1. Check whether at least one residue in region 26-33 is in contact with a helix residue (DSSP H, G or I) (Cβ under 8 Å, 6 or more places away or on another chain) and farther than 20 Å from Arg71 by Cβ, and report yes or no.
2. Could you say whether any residue in region 28-37 is in a helix (DSSP H, G or I), aliphatic (A, V, I, L, M) and at pLDDT below 90?
3. Do you know which of the residues in region 14-40 that are of a type in the set (Gly, Ala, Ser) and open to solvent by 30 Å² or more (accessible area, probe 1.4 Å) is nearest to Leu148 (Cα to Cα)?
4. Looking at region 41-133, what helices (runs of 4 or more DSSP H) fall wholly within it and have at least 2 residues that are surrounded by 21 or more Cβ atoms within 10 Å (Cβ to Cβ) and out of contact with any strand residue (DSSP E or B) (no Cβ under 9 Å at 6 or more places or on another chain)?
Amino acid sequence: DTNKSLDLIKKGFLAGADASGEMLTQLREYPTMMNDARISAEEMIAIMAQSEKLGIYDDKGIDALKEGMLRVREGTKATQDAMKALGLDVDDIYGKIKEGSLTYFDVMKLVSSRLKEIGADSRITGTAIADIFGGPGEDAGFRYISMLSEMDTNLNHLTESTDTYTDAKNQELEANKRLNEI
């Protein structure tokens, strides 16, 4: 509902998801695809906040994630070959996706974990980023892709740590709320 949506947007501002001023644009552009991938609005905003904190601005982070999930869903030969080169059991992964025990975001985390193990300088890594995440993944870079496996998607965790920015942003949001009421 509207109140829950506004609360999530507020939390996104507090978590830093709008550092580049693109949060609302991304919320308009990507929700259908994220829903298809079974990523909640809260998780999406948390991913956006952490992308910003890693210095991945505009929609580079969320776009890399979208591209990876689309390519895995399409199951192209290049994507499957890249996943196999990472040591992933592609048939098992697609079977678990079909039965519902694995989401596309779960697959992105598996890929991320393997990339982190292999390292940034491997040809396997370069090929996997190109063939799984495409241009957006190359733009976001190895550091971002390798962090997906440990990304905290709990928006409350990201807003609990109060710092000067969060306090100031919260005061601004409350002042705007009071102004709108007047």
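The values are calculated or read from the model by the stated rules, or taken from the named source; none is laboratory data. As the structure is a computational prediction, the values presented were derived from the model and not from experiment. Using ideal geometry, Cβ is built from the backbone for each residue, glycine included, and neighbour counts are taken over all protein chains shown. Keep in mind that these areas ignore ligands, DNA and RNA; they rest on the heavy atoms of the full protein, side chains included. Shrake-Rupley method; radii C 1.70, N 1.55, O 1.52, S 1.80 Å.
1. Yes, because at least one residue in region 26-33 is in contact with a helix residue (DSSP H, G or I) (Cβ under 8 Å, 6 or more places away or on another chain) and farther than 20 Å from Arg71 by Cβ.
2. Yes, there is a match, as at least one residue in region 28-37 is in a helix (DSSP H, G or I), aliphatic (A, V, I, L, M) and at pLDDT below 90.
3. Across region 14-40, the extreme among qualifying residues is Ser40.
4. Filter on region 41-133 gives 41-53, 60-74, 77-85, 104-118, 123-128.
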